[in-house]
1. Residues 51, 88: which one is among the small types (Gly, Ala, Ser), over 20 Å from residue 113 (Cα atoms) and part of a helix (DSSP H, G or I)?
2. From the list 86, 75, pick out the single residue that is under 22 Å from residue 6 (Cβ atoms), among the hydroxyl-bearing types (Ser, Thr, Tyr) and modelled with pLDDT of 95 or more.
3. Just for the range 60-79: of the residues that are more than 20 Å from residue 101 (Cβ to Cβ) and touching a residue at least 40 places away in the same chain (Cβ under 8 Å), which one is surrounded by the fewest Cβ atoms within 10 Å (Cβ to Cβ)?
4. Pick out the one residue from 40, 57 that is within 14 Å of residue 105 (Cα to Cα), part of a helix (DSSP H, G or I), in contact (Cβ under 8 Å) with a residue 12 or more places away in the chain and among the acidic types (Asp, Glu).
Amino acid sequence: MKAEFNRHNRDFNCSFTIEFDVKNPTIPLTDRHIELIESEWLHGDLTNNYSTDCFEEIMESNYSFIEDWSFAGRSNGWWVLTCKGSESQVRASSLRRIERIVEDYFSKYGKMIINNFEIFIKEREEAEVS
């Protein structure tokens, strides 16, 4: 996934941003998922936890220039790494590694959402039976 620098930098209190277009993820929803996806879009619990996991994997390499992560843009369509210092300290190899990690998480996002929804639906159905 190709990174862009400073697309929404003005929205953050940081030196620069590394951003990824995460609009329109593939989520194979059925009618039974509609209520759950509406709740996820409103609260973002699964998405935020998943984003934290992605951030933590990136930070395993101790990139001293990365401070935090966030979302930006209309409907939170951009995943943002807020950074300190100068863009020039981001080596090409580091950027490629970060891009690969974000791409991996983004490609698995829909499956993660559906798996969690299926667990929730099963638990709810079991609770209704007992």
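1. Numbers: 51 fails: over 20 Å from residue 113 (Cα atoms).
Only one candidate qualifies: 88.
2. Working: 75 fails: modelled with pLDDT of 95 or more.
Answer to the selection: 86.
3. Step one: list which residues in the range 60-79 are more than 20 Å from residue 101 (Cβ to Cβ), which gives 73-75.
From the residues that got through so far, the ones that are touching a residue at least 40 places away in the same chain (Cβ under 8 Å) too are 73, 75.
Numbers: 73: 16, 75: 9.
The residue in question is 75.
4. Working: 40 fails: within 14 Å of residue 105 (Cα to Cα).
Of 40, 57, the one residue that is within 14 Å of residue 105 (Cα to Cα), part of a helix (DSSP H, G or I), in contact (Cβ under 8 Å) with a residue 12 or more places away in the chain and among the acidic types (Asp, Glu) is 57.
Listed here are the residues, each with its yes/no results for (1) surrounded by 15 or more Cβ atoms within 10 Å (Cβ to Cβ); (2) touching a strand residue (DSSP E or B) at 6+ places or on another chain (Cβ under 8 Å); (3) of a type in the set (Asp, Glu).
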{"site": "20", "(1), (2), (3)": "yes, yes, no"}
{"site": "25", "(1), (2), (3)": "no, no, no"}
{"site": "28", "(1), (2), (3)": "no, no, no"}
{"site": "31", "(1), (2), (3)": "no, no, yes"}
{"site": "40", "(1), (2), (3)": "yes, no, yes"}
{"site": "44", "(1), (2), (3)": "no, no, no"}
{"site": "52", "(1), (2), (3)": "no, yes, no"}
{"site": "55", "(1), (2), (3)": "yes, yes, no"}
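The values are calculated or read from the model by the stated rules, or taken from the named source; none is laboratory data. Keep in mind the model is a prediction, meaning the values are calculated, not measured. Positions of Cβ are backbone-derived with ideal geometry, glycine not excepted, and every protein chain shown enters the neighbour counts.
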